[in-house]
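Here's the structure we're looking at; comments come further down.
The values are calculated or read from the model by the stated rules, or taken from the named source; none is laboratory data. All values derive from a computational prediction rather than experimental measurement. Don't worry about glycine lacking a Cβ; one is built from the backbone with ideal geometry, like all the others, and counts go over all protein chains shown. Areas reflect the complete protein model, heavy atoms only, side chains present, ligands, DNA and RNA absent. Shrake-Rupley method; radii C 1.70, N 1.55, O 1.52, S 1.80 Å.
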Amino acid sequence: MTKIAVISDIHANPYSLQAAFEGIDAQNVDITIFLGDTLTYGVSVKDTIELLVSYAASRKVIFIKGNHDQIYFDAQAGREFQYKPFPTFILDSVHHTKAQLGKLGIELESIFPWVESYSIDELFFAHANPHSYGDWSYINHSDEVLSAANKLVSDGFSIGFFGHTHRSVLASVNRGYEVDFNDDQKVTLDRSQIRSCPYIVNPGSIGQPRGSAPSWILIEIAAKSVRLEKNYVKYNSSVQVASIKAANFSRETEAKLISFFDRC
């Protein structure tokens, strides 16, 4: 049996990331797959990167590039980094993060062995969707799930794992057109049947979840089945909020960045 942990969208939140790693290590996984978006929104750049570097030093980790990684690859190389017009709070956060990277002497593109996507058997992993890299369109609605599932099947895959939306999702496509959103925390899929019933899975966001607590996905691949389990992360989010408040953003940007943690 192969055990895989899938995490996404850390967004400079080392406090939640540390708690996630503790849960992942307890499962003795073979591979940890990071679906991208290391930075932005949070401000703990140094701690986040150091935690990832330390974790990857003794474990197999796949680093998939996300849109908020590509932003810094472009910005640090002097290229245009806005792939679409960004709202002020994102621009403020990007400029703050880029300044921190500069002070630390870190080039984000060179610090990890980045890839655009990854696959294992019939499982496919990318940041946003199964379409080409740089297509940052979201998978939120039934028509988007159906489009993604059709692309997966045409490429020879049955299950796609994508982050980007910060919302955990488990959706299947039955009979080629019926989309079913599943709220179960654990699902076991028959490998002989999933090719005709593809799945779209979003592990949720570790660093800035929307709609639920931070979460990651445990995958267990056996000869005849694929088991998926959503794992929630518990940590003190007020620490993340305090770090953002101490970063001297404008009142409007600060309010927006901490609004994602309004349950704390």
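Some observations on this one:
- For the stretch 112-151, the spherically averaged projection of the C-alpha convex hull amounts to 3.4 nm².
- Normalising the average separation of contacting C-alpha pairs (under 8 angstrom, six or more residues apart) by the number of residues puts the relative contact order of the chain at 24 percent.
- Most mobile of Ser137, Ser215, Ser54 in a GNM of the chain (Cα contacts under 10 Å): Ser54
- Expressed in units of 2.2 N^0.38 Å, where N is the residue count, the Cα radius of gyration of the stretch 72-153 is 1.36.
- Heavy-atom accessible area, probed at 1.4 angstrom with all protein chains present, ranks Asp9, Asp184 as Asp184, Asp9, highest first.
- Between amide H atoms placed 1.01 Å from N, distances below 5 Å from Val169 occur with Asn202, Gly204, all of them 5 or more places distant or on a separate chain.
- On the principal axes of its alpha-carbon atoms, the chain has extents of 54, 38, 36 Å, going from largest to smallest.
- The Cβ shell under 9 Å around Ser205 holds other residues with a net charge of 0, Lys and Arg each +1, Asp and Glu each -1.
- Kirkwood analysis of the stretch 222-264, using all unique Cα-Cα pairs, places the hydrodynamic radius at 12.9 Å.
- Rolling a 1.4 angstrom probe over the protein heavy atoms with all chains in place gives the chain an accessible area of 44 Å² per residue.
- Within the stretch 44-181, the proportion of Cα pairs with more than 24 Å between them is 40 percent.
- Centre separation in Å (Cα based) which lies between the stretch 30-59 and the stretch 186-264: 15
- Among the trypsin sites (Lys or Arg not before Pro) within the stretch 197-227, those in coil by DSSP and having at most 10 neighbouring Cβ atoms inside 10 Å are Lys224.
- With DNA, RNA and ligands ignored, accessible area of Ser110 (1.4 Å probe; Å², nearest 10): 90
- Relative frequency of Cα-Cα separations exceeding 16 Å in the stretch 20-93, percent: 58
- DSSP loop GluC sites (Glu not before Pro) with at most 13 other Cβ within 10 Å: longest gap in the chain: 117-264
- Links that overshoot a 20 Å alpha carbon limit, given the list Lys3/Lys224; Lys186/Lys234; Lys60/Lys224; Lys46/Lys98: Lys60/Lys224
- Rh (Kirkwood; distinct C-alpha pairs) - the stretch 115-264, Å: 16.6
- For the stretch 1-47, the pair-distance distribution built from all alpha carbon pairs, in bins 5 Å wide starting at 0, is 5, 21, 28, 22, 14, 7, 2, 1 percent.
- Net charge contributed by nearby residues that have their C-beta within less than 11 Å of Arg167 (K/R +1, D/E -1): 0
- Average projection, convex hull of the Cα set of the stretch 179-240: 4.9 square nanometres.
- The GNM of the chain, with springs linking C-alpha atoms under 10 angstrom apart, assigns the highest mean-square fluctuation among Asn13, Asn150, Asn140 to Asn140.
- All other residues whose Cβ lies under 10 angstrom from that of Thr2 are scored, Lys and Arg at +1 and Asp and Glu at -1, for a net of -2.
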